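*Asks:* Pasting a structure here, questions to come.
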Amino acid sequence: LAAVLDGRSARRAGLLHRLSKGDGAGTLVCFPYAGGNAVNFQPLAQALREGGIGVVAVELPGHDLAADREPFAPLEQVVDQVVREIAGLSGPVLLWGHSSGAAFALATAVALEQRGTPARRVFLAAQLPGDPAGRLAAADELAARDTADIAAGLAGDRGYPALAELDEQRADHVGGAYRHDCVSAHRYLAAALADPPAVLTAPVTVVVAADDRITAGFAEHHRDWHRLAERVDLHTLSDGGHYFIRTRPAETARVVLRSPRLLTSS
């Protein structure tokens with residue numbers, strides 16, 4: 001964490017934050033869950049060090065409470081900048097999207113394939129596709145909610161351990177970031193499911209925890225990702241809840257390292 005904070009000012013020009021270096025075997029590009037930030041992936045980055053996989057995580061505009069305040073960015077803008085920054089990485093690129101971040105990862109995977117530089121694998125974690133009508137209804141409901149109310153609801157959530165210690169203004173900002181990210185994800189997935197873009201050729205691994213109520217029914221519904229991707233497989237953690245990148249980083253790292261054909265030539 002200290003290393004991340006020390007390098008913060010040098011990295012503000014881009015969205016990708018280097019959390020760990022690999023040995024050239026590949027780089028995992030991570031999109032955080034709603035209201036989250038790049039530091040959420042530090043435990044996973046540490047767990048992946050011995051496997052040779054480097055980790056960079058996306059710091060979404062407007063989410064860093066320690067930086068100068070900036071507006072939240074549309075999903076399309078984030079994807080465009082991340083794709084441009086990925087071009088500067090060496091070796092195979094893997095994508096990880098956690099919860100609402102799955103929509104950002106999926107959109108990035110589509111953009112990379114359109115440019116002829118597909119990701120080696122896409123991990124869609126703690127998220128199922130749902131259906132267009134349900135996604136739009138959820139987006140409308142959340143868009144109408146007060147950010148302070150959202151922050152209060154997140155205060156006891158394991159994904160936001162420091163939220164209760166923030167002052168009212170900063171807590172309200174986290175609520176706003178959460179709302180922005182969820183609404184962006186809901187609307188992107190609603191549009192993609194209603195009118196699918198080119199189906200991904202990159203293999204997709206759906207990662208869930210068995211005790212996560214948000215992905216209940218995953219054994220059947222993880223297959224719904226086939227509407228957007230040719231190859232889909234499932235990996236289930238025995239526990240860890242919704243935020244298993246924080247609660248079970250070692251187990252999550254093994255999912256990345258053991259994925260079939262992870263680093264084979266395409």
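*Asks:* If amide hydrogens are placed 1.01 Å from N in the peptide plane, which non-local residues have theirs closer than 5 Å to the one on residue 30?
*Replies:* Answer set, sorted by chain and number: 56, 57, 58, 96.
*Asks:* Shifting gears a bit: Taking only the alpha-carbon atoms of the range 65-160, what semi-axes of the equivalent ellipsoid follow from 5 times the gyration tensor eigenvalues under a square root, in whole Å, largest first?
*Replies:* After diagonalising the Cα gyration tensor, the semi-axes are 28, 18, 14 Å.
*Asks:* Nothing charged except the Cβ atoms of Lys and Arg (+1) and of Asp and Glu (-1): what's the magnitude of the dipole of the chain about its Cα centre? Round to the nearest 20 debye.
*Replies:* On the way: 26 positive and 31 negative charges, 198 e Å.
Dipole magnitude for the chain comes out near 940 debye.
*Asks:* Could you work out [θ]222 nm for the chain from helices alone, using -39500 (n - 2.57) per DSSP H run of at least four and dividing by all its residues? Round to the nearest 500 deg cm²/dmol.
*Replies:* Computed ellipticity for the chain at 222 nm equals -11500 deg cm²/dmol.
*Asks:* Next question. Just to verify a number: FRET efficiency for residue 169 and residue 49, C-beta to C-beta distance, R0 = 51 Å, to 0.05?
*Replies:* That pair, residue 169 with residue 49, gives E of 0.90.
*Asks:* Report the Cα centroid-to-centroid distance between the range 190-266 and the range 47-80 in angstrom, as an integer.
*Replies:* 20 Å
*Asks:* Please list, in order, the residues from the range 191-229 whose amide nitrogen is less than 17 Å from a point placed 7 Å along the Cα→Cβ vector of residue 258.
*Replies:* 205-211
*Asks:* Pull out the extension gain between residue 155 and residue 131, defined as 0.36 nm times the separation in residues minus the alpha carbon to alpha carbon distance; nm, one decimal. Intermediate values should be presented prior to the final figure.
*Replies:* Numbers: separation 24, 0.36 × 24 = 8.64 nm, distance 2.86 nm.
So the chain would gain 5.8 nm between residue 155 and residue 131.
*Asks:* If packing is taken as the average count of other Cβ atoms within 10 Å, what order do 121-131, 230-240 fall into, highest mean first?
*Replies:* Per-residue Cβ counts within 10 Å, averaged per peptide and sorted highest first, yield 121-131, 230-240.
*Asks:* Give the calculated FRET efficiency between residue 90 and residue 70 to the nearest 0.05, with a Förster radius of 30 Å applied to their Cβ-Cβ distance.
*Replies:* 0.55
*Asks:* Leaving out ligands, DNA and RNA, and with a 1.4 Å probe, what % of the accessible surface on the range 40-196 is carbon or sulfur?
*Replies:* 49 percent
*Asks:* Here is a further query. Determine Rg/Rh for the range 108-212; Rg is computed over alpha-carbon atoms and Rh is the Kirkwood hydrodynamic estimate from the same atoms.
*Replies:* 1.04
*Asks:* Where the only charges are on Cβ atoms (+1 Lys, Arg; -1 Asp, Glu), what is the dipole of the range 123-266 about its Cα centre, to the nearest 20 debye?
*Replies:* On the way: 15 positive and 20 negative charges, 139 e Å.
Here the size comes out at about 660 debye.
*Asks:* Over all directions, what mean area does the Cα convex hull of the range 34-116 project, stated in square nanometres?
*Replies:* 6.0 nm²
*Asks:* Then there's this: What accessible area per residue comes out for the chain, rounded to a whole number of Å², with a 1.4 Å probe?
*Replies:* 44 Å²
*Asks:* What do you get for Rg/Rh of the range 1-140 when both radii come from the Cα atoms and Rh is the Kirkwood radius?
*Replies:* Working: Rg = 14.8 Å, Rh = 15.5 Å.
Checking Rg against Rh, the ratio lands at 0.96.
*Asks:* So who's got an amide H within less than 5 Å of the one on residue 232, skipping anything under 5 residues away but keeping other chains? H placed 1.01 Å off N, in plane.
*Replies:* 204
*Asks:* Run through every distinct alpha carbon pair of the chain and return the Kirkwood hydrodynamic radius in angstroms, one decimal place.
*Replies:* 18.4 Å
*Asks:* Also: Using a Förster radius of 41 Å, what is the FRET efficiency between residue 13 and residue 146 based on their Cβ-Cβ separation? Nearest 0.05, please. Walk me through the intermediate numbers first.
*Replies:* Values: r = 34 Å, r/R0 = 0.82.
For residue 13 and residue 146, the calculated efficiency is 0.75.
*Asks:* What is the gain in length, in nm to one decimal, between residue 117 and residue 214 on full extension, counting 0.36 nm per residue of separation less the C-alpha to C-alpha distance? Walk me through the numbers before you get to the answer.
*Replies:* Numbers: separation 97, 0.36 × 97 = 34.92 nm, distance 3.23 nm.
So the chain would gain 31.7 nm between residue 117 and residue 214.
*Asks:* Counting DSSP beta bridges in the range 1-143, what percent are antiparallel, to the nearest 5?
*Replies:* 20 percent
*Asks:* Within the chain, which DSSP H helices have Cα atoms that stretch 15 Å or more along the helix axis and a mean Kyte-Doolittle hydropathy of at least -0.5?
*Replies:* Span-like helices in the chain: 75-86, 101-114, 132-143, 168-194.
The values are calculated or read from the model by the stated rules, or taken from the named source; none is laboratory data. Predicted, not measured: the structure shown is a model, and the values here were computed from it. Virtual Cβ from ideal backbone geometry, glycine too; neighbours counted across all protein chains shown. What goes into the accessible areas is simple: the full protein's heavy atoms, side chains included, and nothing from ligands, DNA or RNA. Shrake-Rupley method; radii C 1.70, N 1.55, O 1.52, S 1.80 Å.
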